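Worksheet: one structure, shown below.
The values are calculated or read from the model by the stated rules, or taken from the named source; none is laboratory data. Predicted model, so just to flag it, every value in this text is computed and none were measured. Cβ coordinates were reconstructed from backbone atoms using ideal geometry, including for glycine residues, and neighbour counts include every protein chain displayed. Quick note on the areas: whole protein, heavy atoms, side chains included, nothing else; ligands and nucleic acids left out. Shrake-Rupley method; radii C 1.70, N 1.55, O 1.52, S 1.80 Å.
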Amino acid sequence: MHISCIALLASFNAPLSAEEVNQQPYWQNYSTTSAIYAQSTSATASKVDEGYNVSSQNIMVDTYTLGRLGNSTYFGFIEAIFGKLDDTSNGSHQSPYGNDLMQIRGMMSQQWRINESFSMGWNYYGIDRNLKHVPDGKFGYSFDSLGVIANYQWNQWTFMPQLNYVFNGDMGKDGLASSIGLGSSDFDGFFFLPVVRRQLSNSGSYFTLMPEYFAGYGDHDTEVKYMKWQLRVGAPLGESKKWWINGRFEHTSYQKYDYFGIDINPSQDTAVSVGIQYNW
């Protein structure tokens, strides 16, 4: 399902006393960043008698924000990917990029500090993804999720496990009703995402490792299971730290990807993204 949350979190400030909270605004923004990426993807699918590969080039844009809300800290982001839903190859005279909305997703998290190193809270994560054009519209999936998230700081390391219950899942979206009589299939499930982040230097450069396990089960023999590995790196451009260069590598291995019992499973999916980020 291509879930990936929390690209980075700066170290939270020390907890505020009741007097300090009363003296400061209820809402205070710490940082907001926006970025644009060029993304290249490759998906390999294995069927009974054959295998095939689909590649694409996409544009990804995102905005992240971090701040204080009363005596808690909040974090959120929204991200969109644009490309060509049904494109598998391009001539040399063609632009590899398209304007189809392939994916939009977002997250909101609120945490309360337990002590100097540890905080806990809740989070919402949702995604809407289009996979291809079909006669009835677009084929894809969407879901919402709610869960718990923790944050532990140790020297230059940050550990951030996240466990979410997935609900309101819709596999198929517009579906294949006119061609084979299949519409959308509801599903629910869970995902677990233990994030590990390491600051590499005083300049703020970092890497983030994000392994993720997802399992979803639905009606009409719908089932999705996968293991995903993500690596993200970033470094500032100049001393002002207004501009950053970021890179992402994602690799997903699927165990199940069934829609009404039909195996639409790519055996693996890889994406590489390079982009520029601006800190507001």
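Highest mean packing comes first when the peptides 115-124, 69-78 are listed by Cβ atoms within 10 Å, giving 69-78, 115-124.
For region 220-268, the fraction of 1.4 Å probe accessible surface lying on carbon and sulfur atoms is 59 percent.
Bridgeable lysines around residue 132 (alpha carbons under 27 Å apart, same-chain partners fewer than 8 residues away excluded): 47, 84, 173, 225, 228, 256.
Between residue 114 and 119, 120, the built amide H atoms are under 5 Å apart, and every one of these is 5 or more places off in sequence or on another chain. Between residue 38 and residue 272, the contour length at 0.36 nm per residue exceeds the Cα-Cα span by 83.4 nm.
For a distance above 23 Å, tell me the whole-number percent of Cα pairs in region 153-280 that qualify.
50 percent
Counting Lys and Arg as +1 and Asp and Glu as -1, what is the net charge of the other residues whose Cβ lies under 13 Å from the Cβ of residue 106? Neighbour charge sum, excluding residue 106 itself: -2. Accessible surface calculations at 1.4 Å, restricted to protein heavy atoms, place region 79-229 at 46 Å² per residue.
A 1.4 Å probe over all protein chains sorts 239, 250 by accessible area into 239, 250, starting with the largest. The length gained on full extension between residue 262 and residue 104, counted as 0.36 nm times the residue separation minus their Cα-Cα distance, comes to 54.4 nm. Here region 219-260 has an Rg and Dmax of 18.3, 56 Å, counting Cα atoms alone. Within 13 Å, Cβ to Cβ, of residue 277, how many net charges do the neighbouring residues add up to if Lys/Arg are +1 and Asp/Glu are -1? With Lys, Arg at +1 and Asp, Glu at -1, the net is +2.
On full extension, the segment bounded by residue 154 and residue 71 gains 27.7 nm, given 0.36 nm per residue less the C-alpha separation.
Proximity of backbone amide H atoms, modeled 1.01 Å from N, is registered between residue 205 and 200 at under 5 Å, excluding neighbours fewer than 5 places apart on the same chain.
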